[in-house]
Amino acid sequence: MIDKFVASALEAVADVRDGATVLIGGFGQVGTPNHLIEALCERGLRDLTVVSNNAGTGTHGLARLMAEGRVRKVICSYPRSRGSVVLEELYREGRIELEVVPQGTMAERMRAAGAGIPAFWTPTAAGTQLGEGKEVRAFGGRACVLEHALKGDVALIEAWEADRWGNLTYRMSGRNFNPVMAMAADLTIVQTQHRVELGELDPERVVTPGVFVDRVVHIPYGKPRLW
Amino acid sequence: MDMLVEAAPLDRHGMARRLAADIPEGWVVNLGIGIPTLVSDHVPPEREVIFQAENGVIGVGPAPPPEEEDPWLINAGKQMVTLRPGGSFVSQSDSFALIRGGHLDLCVLGAFEVAENGDIANWAISSNEKAPAVGGAMDLAAGAKRLWAIMEHTTKDGRPRLVKRCSYPLTALGVVSRVYTNLAVLDVTPEGFAVRDMIPGMTLEALQARTEAKLRPAA
C-alpha cells in the first residue's frame, strides 16, 4: 500500500541536510507551509539555500529560519514586503546572500527543472541589471538571456486537500508557487489542511498528482495570517 | 509656474479614471501595485474587463466588504480581493505563461522614469539599493502586448520623469507605448513623446517646461 502520510512535521523533515536547497511555496503568507518551516528550524541546520517568492515577514516561519542563522542564501523575486525586517537586517549586515530573480523567470526556472529542461531563453531582464553576466542571443530581433533550471533538494508545499498517494488540491490564491515547486525537487514534502481518502478527490480537480509528492503531514491550522 | 494657475493636476484617482476610460471591453489586463491598482475601481462593472493578478488570480473583482474578506484570496499587492463570476485560479507557472506568452492585452505599471524610446525604470532607485525587489515587473514589461505607465509628471521636487534616457535601473527596454500622468496623456512613438491630451488649462509649452524629453502634439 502506498501511504505518504507521516505523523509529524518534524518526522517529515528529519533527513534534510546542511547545505540543502529548499524550495518554499507561498505568496506572502498565503499557501506558505509555515509548520514545515518551523520544523526545519528545530533541526538546527546550516548553510541552507532557500528559494521563495518573498523572504519572510515578522518573526515566524522563514523569518525565524533566517534569524536563527540557518540560511546562507535566499533566491526570491520580492524580498521587501511589509514586515520583512529580518531579511533586510541580515542583508544590510552582509550576513545573507540574496539573488533577486524576476518572478516569472523564477517560476519558469523551476518548471524547467521539473520538466527536464536544463536552460531556456527569455526576453525578461534582457538589457537590465538582472540580465548582466548572462548569455544573450537575439530571437526574431529581440534580445533574450539564457536562464538555467533551478532544482531543489527539498520542496516544502502547502496543500488544501491530500490523499495517501499525495494527490493535491489547493485553495484559491494559495496555489501560487506550490505546484511548480512540487515538481522541481528531489524530495517534496507537503503540509495539508485536509486529509481525504484515496478516491475521494475528483481526478479532474487534482492539481498536483501524487507522482510529484514524497511525504504528507496533516496540519489543519485554519486561515492564513496575512501579516 | 504661473502658467499652471488655471490647470489643476489630477490626483491619483483622477489619473486612474483617465486611464480606465481607454480600456475597452474584453481586454485582459494586469495592474501593478500603487496607482495602477486604482484603475479597476474606475471600470464600470458592465464593461467586462478581465483583471489578472500575477499571483495566480484571473478575473479579480473589487475589494470585499469587511464581513466577506477571505485571506485565501489576495492580489499581487497582498490585498484581499474578490473573484468575479468566470474567474479562475492558476499556478505561478500558468500565470506567468499568460504574462510572458503575450496573452495580456495590457499591463499598467507605475514608474520612476519613462524615456522617449519607451524604456521604463520602475523597480530600483539605484544599482546598489538594499534588498531590491523586482517581483513580476520585468516579466510584465517584457511580456504584455501593451505597456502603459501611470505616474506623476515630475518628482515631488519638480524633476522630470519623462526623460531622454532613464537614469534609474531599467525594468525593460523600448516597451512603453503610452504614459498617463497627472498633467497629460502621451504616446511613445518612433519620434518620441506625442501629447494626446492635457488637463484643462495646460499648454504644450507649460508641459514641455516640466518634461526633459522633447514633446510634440499627436498627429
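The values are calculated or read from the model by the stated rules, or taken from the named source; none is laboratory data. Only a predicted model underlies this, so the values are computations on that prediction, with no experimental measurement involved. Note that we place each Cβ from the backbone using ideal geometry, even for glycine, and neighbour counts take in every protein chain shown.
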Problem set entry | Checking A:Y78 against (1) at pLDDT 95 or above; (2) crowded, with 18+ Cβ neighbours inside 10 Å, the condition it does not meet | (1)
Problem set entry | Of all residues making up segment A:49-71, the number that are under 23 Å from B:G135 (Cβ atoms) and in contact with a strand residue (DSSP E or B) (Cβ under 9 Å, 6 or more places away or on another chain) | 13
For this session: Given the conditions (1) touching a Lys or Arg at 6+ places or on another chain (Cβ under 9 Å); (2) more than 9 Å from chain A (Cβ to nearest Cβ), report the number of the one that B:G56 does not fulfil.
Result: (2)
Exercise. For the subset of segment A:125-162 comprising residues that are within 21 Å of the chain's Cα centre (by Cα) and part of a loop (DSSP other than H, G, I, E, B), which member is farthest from the other protein chains (Cβ to nearest Cβ)?
Worked result: A:K151
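Taking the options A:L62, A:L48, A:L98, name whichever one is out of contact with any Gly (no Cβ under 6 Å at 6 or more places or on another chain) and away from chain B (no Cβ under 13 Å).
A:L48
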Seminar exercise, completed: Within segment A:205-221, the residues that are within 14 Å of chain B (Cβ to nearest Cβ) and either over 19 Å from A:T32 (Cβ atoms) or without any contact (Cβ under 8 Å) to a residue 24 or more places away in the chain (or both) are A:R205, A:V206, A:P209
Seminar exercise, completed: When B:R146 is run through (1) farther than 14 Å from B:L31 by Cα; (2) more than 8 Å from chain A (Cβ to nearest Cβ); (3) within 14 Å of the chain's Cα centre (by Cα), the failure sits at (1)
Seminar exercise, completed: (1) outside any strand (DSSP E or B); (2) over 30 Å from B:T189 (Cα atoms) all hold for B:R84 apart from (1)
Exercise. What are the residues in segment B:87-110 that are in a loop (DSSP other than H, G, I, E, B) and either of a type in the set (A, V, I, L, M) or in contact with a Cys (Cβ under 9 Å, 6 or more places away or on another chain) (or both), if any?
Worked result: B:V90, B:L104
Exercise. For segment B:107-122, which residues satisfy the criterion of being surrounded by 24 or more Cβ atoms within 10 Å (Cβ to Cβ) and either at pLDDT below 95 or of a type in the set (S, T, N, Q) (or both)?
Worked result: B:N122
Exercise. Quick one: in segment B:60-88, which of the residues that are surrounded by fewer than 20 Cβ atoms within 10 Å (Cβ to Cβ) and small (G, A, S) is farthest from the other protein chains (Cβ to nearest Cβ)?
Worked result: B:G86
Exercise. Which one of these does A:A12 not meet: (1) surrounded by 23 or more Cβ atoms within 10 Å (Cβ to Cβ); (2) closer than 23 Å to A:Q129 by Cβ; (3) more than 10 Å from chain B (Cβ to nearest Cβ); (4) small (G, A, S)?
Worked result: (2)
For this session: State the number of residues belonging to segment A:164-187 that are surrounded by fewer than 24 Cβ atoms within 10 Å (Cβ to Cβ) and either more than 11 Å from every other protein chain (Cβ to nearest Cβ) or under 14 Å from A:K4 (Cα atoms) (or both).
Result: 4
Exercise. Only one of these conditions is not met by A:L226: (1) at pLDDT below 95; (2) more than 9 Å from chain B (Cβ to nearest Cβ). Which number is it?
Worked result: (2)
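With A:G56, A:G69 as the choices, which residue is surrounded by 22 or more Cβ atoms within 10 Å (Cβ to Cβ) and part of a loop (DSSP other than H, G, I, E, B)? Lay out the reasoning, then the answer.
On the way: A:G69 fails: surrounded by 22 or more Cβ atoms within 10 Å (Cβ to Cβ).
The conditions single out A:G56.
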Seminar exercise, completed: Picked from segment A:95-143 (must be basic (K, R) and free of Cβ contacts under 8 Å to residues at least 60 places away in the same chain), the residue surrounded by the most Cβ atoms within 10 Å (Cβ to Cβ) is A:R109
Exercise. Going through segment B:95-106 one residue at a time, which ones are within 11 Å of another protein chain (Cβ to nearest Cβ) and either closer than 23 Å to B:S167 by Cβ or crowded, with 20+ Cβ neighbours inside 10 Å (or both)?
Worked result: B:S95, B:F96, B:L98, B:I99, B:R100
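Filtering segment B:24-82 down to residues that are of a type in the set (V, I, T) and touching a residue at least 60 places away in the same chain (Cβ under 8 Å), which residue is farthest from B:D11 (Cα to Cα)?
Let us first name the residues in segment B:24-82 that are of a type in the set (V, I, T), namely B:28-29, B:33, B:35, B:37, B:39, B:43, B:49-50, B:57-58, B:60, B:74, B:81-82.
After this cut, where a residue has to be touching a residue at least 60 places away in the same chain (Cβ under 8 Å) as well, the list is B:28-29, B:33, B:35, B:39.
Details: B:V28: 25, B:V29: 22, B:I33: 16, B:I35: 10, B:V39: 13 Å.
Ranking the candidates gives B:V28 first.
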Seminar exercise, completed: Counting only residues that are assigned to a loop (DSSP other than H, G, I, E, B) and either at pLDDT below 95 or among the aromatic types (F, W, Y) (or both), segment B:44-63 contains a total of 5
Problem set entry | Selection from segment A:81-94 of residues that are touching a residue at least 12 places away in the same chain (Cβ under 8 Å) and not in a helix (DSSP H, G or I) | A:S81, A:R82, A:G83, A:S84
Exercise. Filter segment A:7-48 for residues that are part of a loop (DSSP other than H, G, I, E, B) and among the aliphatic types (A, V, I, L, M); which is nearest to B:A133 (Cα to Cα)?
Worked result: A:A20
